[in-house]
1. Count the net charge of all other residues whose Cβ sits under 11 Å from the Cβ of Cys186, scoring Lys and Arg as +1 and Asp and Glu as -1.
2. For the chain, what is the convex hull (Cα atoms) projected area averaged across all directions, in square nanometres?
3. 5 Å is the cut-off here: which amide hydrogens, built 1.01 Å from N in the peptide plane, fall below it relative to Trp140, excluding neighbours closer than 5 in sequence?
4. How tilted is helix 72-81 with respect to the longest principal axis of the chain? Cα atoms for both, answer in degrees (0 to 90, nearest 10).
5. State, to one decimal in nm², a quarter of the convex hull surface area for the C-alpha atoms of the stretch 150-254, i.e. the direction-averaged projected area.
6. Cα extents of the stretch 72-131 along the three principal axes, largest first, in whole Å?
7. Considering the dipole of the chain built from charges on the beta carbon (Lys and Arg +1, Asp and Glu -1) around the Cα centre, which of Ala34, Phe231, Tyr81 is farthest to its positive end?
8. For helix 220-234, what angle does its Cα long axis make with the longest principal axis of the chain, in degrees from 0 to 90 and rounded to 10?
Amino acid sequence: MPIAPPTERFSSRVENYVRFRPSYPSGVLDLLKAECGLAPGSVVADVASGTGIFTKLLLENGNRVFGVEPNESMRRAGEEYLASFPAFTTVAGTAEATTLADRRVDFVTVAQAAHWFDLSKTRQEFARILKPGGWVVMLWNERLVDSDPFHREYEKLLLDYAIDYKEVRHEKTTAVIHEFFSPCQCQFRSFPNIQRLDYAGLEGRLLSSSYMPSAGHANYQPMLQDLKRIFESGQSNAKIAMAYNTLVYYGRLA
């Protein structure tokens, strides 16, 4: 099966992404306020903004936000989700070519997407659109894979059925973050994050991942049968608790 390019991988998964992807802890914005001076007047480019999960937190903080998203389906979903925020502007662009003006923003944020970028070109683009002294913030929810039997079984399911999971696991991002910020140093913080899901939510969370088989694939039904078994063995009061660490890297570019 051909693998879609990064900018198109989520086109068929938008509905599940909107409904079942986790948000981010409030401590992330508290950190950026305390350490980076994020204020309601700060202008932010949220790059690869997707359906607007992190963008919404910035808008609720009072920020002017440009949501830069290359995938049309994701971008349209984000526009609908954030339609009530007049301070939101949608932008058809990429991390490597945002289309924003020079020195336009105080912050560039990237949530759950840095592993898709050409980081060398992205660094040049972020340096171009940031005001002097501006900040780059990269964050993602890293699912715990070995914290209890449920998480171990869920990870095994991904390894058994996913199409290219090993190539796109988010922990691969960590290895290149420091290179991205070099020669400047970036700071790091981690926050616990829990997502409580019933079976429908767990299935939707699974199917929101770009590397999982879709309906019609030979592995689709066997995968869901295994998922149901894993849920039943791990549930409590008809829900499971999906555990993450929200990893936040932040710094200035040279």
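Read the figures in this text as sums done on the coordinates, not as results from a lab. If you're wondering where the values come from, they're calculated on a predicted model, not measured in any experiment. Every residue, glycine as well, gets a Cβ built from its backbone with ideal geometry; the counts of neighbours run over all protein chains shown.
1. For residues surrounding Cys186, the net value is +1.
2. In nm², the orientation-averaged hull projection of the chain is 13.2.
3. Gln112, Leu247
4. 80
5. Mean projected area for the stretch 150-254: 7.7 nm², to one decimal.
6. That gives 33, 24, 17 Å along the principal axes, largest extent first.
7. Ala34
8. The angle comes out at about 90 degrees.
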